[in-house]
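Visitor: Supplied in structure tokens, the structure appears directly below.
The values are calculated or read from the model by the stated rules, or taken from the named source; none is laboratory data. Being a predicted model, the structure only gives us computed values, none of them experimental. With ideal geometry, Cβ positions are generated from the backbone for all residues, glycine too; neighbour counts draw on all protein chains shown.
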């Protein structure tokens, strides 16, 4: 008599996995498209189509010299960016002050002018722009202000001062650019939508400009106005004003600060013939006495990332590869001590290249250890076990005579642990243990067990099936699941 009991399958089939993955991808795309619709829906001029919006913005933009210096492709790029920027913000007037379309376009154009060379140009952290007719009193600062950028996602402007800064294009004072520069910096520090280029290179730029910042702070600067020495944020904002309104003098007075600001913003105000595009060779040719070399490629900086790529591997290690390992040990006959060596080797290899991982943003020892243990060794061990299970030699039978057994009730099952008369090598205890139902209780007193086994590519033993033999002819076969 042969009684076959199939072990439960813990993992779905490959087809089910692929179908599930496809459903998740489609669902994610639908959610993403809906999110984009919500985020990008126009808040201005309800009832107007995109063509009408573009036409209205185009009329206002014709008044701006930056826009008029662009070719047709550049103008279209700026127009589309202005429309999107304005469509994602709420423009509110203080008390009875009415916000006009010209105000919306002027503020949007200033933001797009600053971020024209960047990929993430619309400052997603900032959702509201409040406009006052003149300077306004700030309860937080306890004084009158001309403008401000809060960490809560609100920009403030005195319209009179904004217009004055826009109307005089070479006085190196521009309220709009100044506050947008603060917004760009705060987006980097507190937001999640900072441009990758700015996140990677801002610290390097400030390192280049630090000596000048110290001079201005001590009152020894001879180009930037004294207000730039207030703090690093104001220094950056003042540099942006000079960058756009006095680029020629800036490049001559502070060539390193200017050149690396071009790299940071991916824009060169002196390159009017090519839509103000950043050209490394052109910037170097213009400033032959640079003390700090302009890098050809910006090195990745993870300081401002709210989510590090290694977290994905750590999460996958816990929730994907650890269950695979636990599943595989139902077939691969290894003890805990057998996996310590490969895990230790993988951790050692990862930690040995600490400087490499440091440059990749893994800067704390506990982060590095967790990444090495869970993010690297768990996937590595799971891969080794799966390979061992699926690439093996021919199967053979191992016979074991049962000397004694110990049984106990576990729920509605009988758990029996057998002891073999002959040495069974490094066979883990889990393969000597069998759970029987009440109907199978006769097999508690089995005299033999034979196993269908093989050696896998990694040298570990696979247990494909186990069979209990009672009275020489009654058999209970327990199939081991394969991944």
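Visitor: Just to confirm my filter: which strands (runs of 3 or more DSSP E) fall fully inside region 82-197 and include at least 1 residues that are outside the structural domain of residue 228 (by TED's automatic domain parsing)?
Guide: Numbers: elements: 90-93, 128-132, 136-138, 143-145, 147-149, 154-158.
In region 82-197, no matching strands (runs of 3 or more DSSP E) lie anywhere.
Visitor: Considering (1) surrounded by fewer than 18 Cβ atoms within 10 Å (Cβ to Cβ); (2) within 14 Å of residue 198 (Cα to Cα), say which one residue 284 fails and leave the rest.
Guide: Status for residue 284: all satisfied but (2).
Visitor: Right, here's the next one. For region 347-370, indicate whether the set of residues that are touching a strand residue (DSSP E or B) at 6+ places or on another chain (Cβ under 9 Å) and surrounded by 14 or more Cβ atoms within 10 Å (Cβ to Cβ) is non-empty. Let's see the steps before the verdict.
Guide: Filtering region 347-370 for residues touching a strand residue (DSSP E or B) at 6+ places or on another chain (Cβ under 9 Å) gives none.
Scanning region 347-370, I find no residue that is touching a strand residue (DSSP E or B) at 6+ places or on another chain (Cβ under 9 Å) and surrounded by 14 or more Cβ atoms within 10 Å (Cβ to Cβ), so the answer is no.
Visitor: Right, next: What helices (runs of 4 or more DSSP H) completely inside region 328-381 contain at least 3 residues that are within 18 Å of residue 309 (Cβ to Cβ)? Spell out how you get there, then give the answer.
Guide: Details: elements: 336-352, 354-359, 365-370.
Because the criterion is at least 3 residues that are within 18 Å of residue 309 (Cβ to Cβ), the helices (runs of 4 or more DSSP H) in region 328-381 that meet it are 354-359, 365-370.
Visitor: Under the condition of being surrounded by fewer than 17 Cβ atoms within 10 Å (Cβ to Cβ) and in contact with a helix residue (DSSP H, G or I) (Cβ under 9 Å, 6 or more places away or on another chain), which residue from region 128-149 is farthest from residue 227 (Cα to Cα)?
Guide: Among them, the one singled out is 133.
Visitor: Here are 212, 233: which of them is in a helix (DSSP H, G or I) and under 29 Å from the mean Cα position of the chain (by Cα)?
Guide: On the way: 212 fails: under 29 Å from the mean Cα position of the chain (by Cα).
The match here is 233.
Visitor: How many residues are modelled with pLDDT under 85, assigned to a loop (DSSP other than H, G, I, E, B) and either touching a helix residue (DSSP H, G or I) at 6+ places or on another chain (Cβ under 8 Å) or under 14 Å from residue 406 (Cα atoms) (or both) if we restrict to region 419-447?
Guide: 2
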